[in-house]
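Computed from the coordinates by the stated procedures, all read-outs in this text should not be read as laboratory data. Quick caveat: nothing in here was measured; it's all calculated off a predicted structure. Virtual Cβ from ideal backbone geometry, glycine too; neighbours counted across all protein chains shown.
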Amino acid sequence: MRKFEFNSKFRLWRFRIGHSELRTSNSELSARSKGFTLIEIIVLIVMAGIIIPAIVVPFATGIRGSNKPEMVTTAMYLAHQKMEELMKFNYCRAPDLTPGTYNSPAPPVTGYTWQWVIFYVDNNFNASGSDAGYKMIQVTVTDPQGSTYNVSSVVTRF
């Protein structure tokens, strides 16, 4: 059973379906469509002033340091490149695997420097003054910001 009626005294529309009814008045409609109050807008501005800097500061810090992963990748690539170059030589090959500290030639990327050290180690990888059959190679690459990256390997007679 559907029934519509208008009550002029209260300016109220009623719509009945069975036993339930839906009411809507003109005053209810106008109260809902007013929008935000001045206090609500002020509270929103204050909350935004607190929350936005908390979000923006870490984001800006991340943007400033975003070139660091690229430098790390380049430095590690250079270190591995030099290590691969040295690892291809036979244990007894001189002068390529002669114990000592080496700095040249400069790496192919400007701003980076590299150094490699070759020294004798014993079977526990402790530095040794004599040839025990093992040589450790340590390659160190320095990026333009001064951070260093190390790669180590041990070669033996085979």
Quiz item: Mind ordering 109-115, 138-144 by average Cβ neighbours within 10 Å, highest first?
Solution: 138-144, 109-115
Quiz prompt | Sites V117 and T73 - FRET efficiency at Förster radius 30 Å, r taken between beta-carbons, to 0.05 | solution = 0.80
Quiz item: Roughly how many nanometres apart are two label points built 7 Å out from the Cα toward the Cβ at N90 and I42?
Solution: 8.8 nm
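How do T148, T74 rank when sorted from fewest to most other Cβ atoms within 10 Å of their own Cβ?
Sorted ascending by nearby Cβ count, the order is T148, T74.
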Self-check item: Under Karplus coefficients 6.51, -1.76 and 1.60, residue-wise ³J(HN,Hα) of segment 107-118 in Hz, glycine/proline x
Solution: x, x, 10, 5, x, 9, 10, 9, 8, 10, 10, 10
Quiz item: Which one of M47, S104, T61 has its Cα pushed farthest toward the positive end of the charge dipole of segment 31-112, where Lys and Arg give +1 and Asp and Glu give -1 at the Cβ?
Solution: M47
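Between rounded, prolate and oblate, where does segment 69-156 land on the alpha carbon gyration tensor, with a ≥ b ≥ c its root eigenvalues, rounded for a/c under 1.5, else prolate if a/b exceeds b/c?
Details: a/c = 2.40, a/b = 1.97, b/c = 1.22.
The shape class here is prolate.
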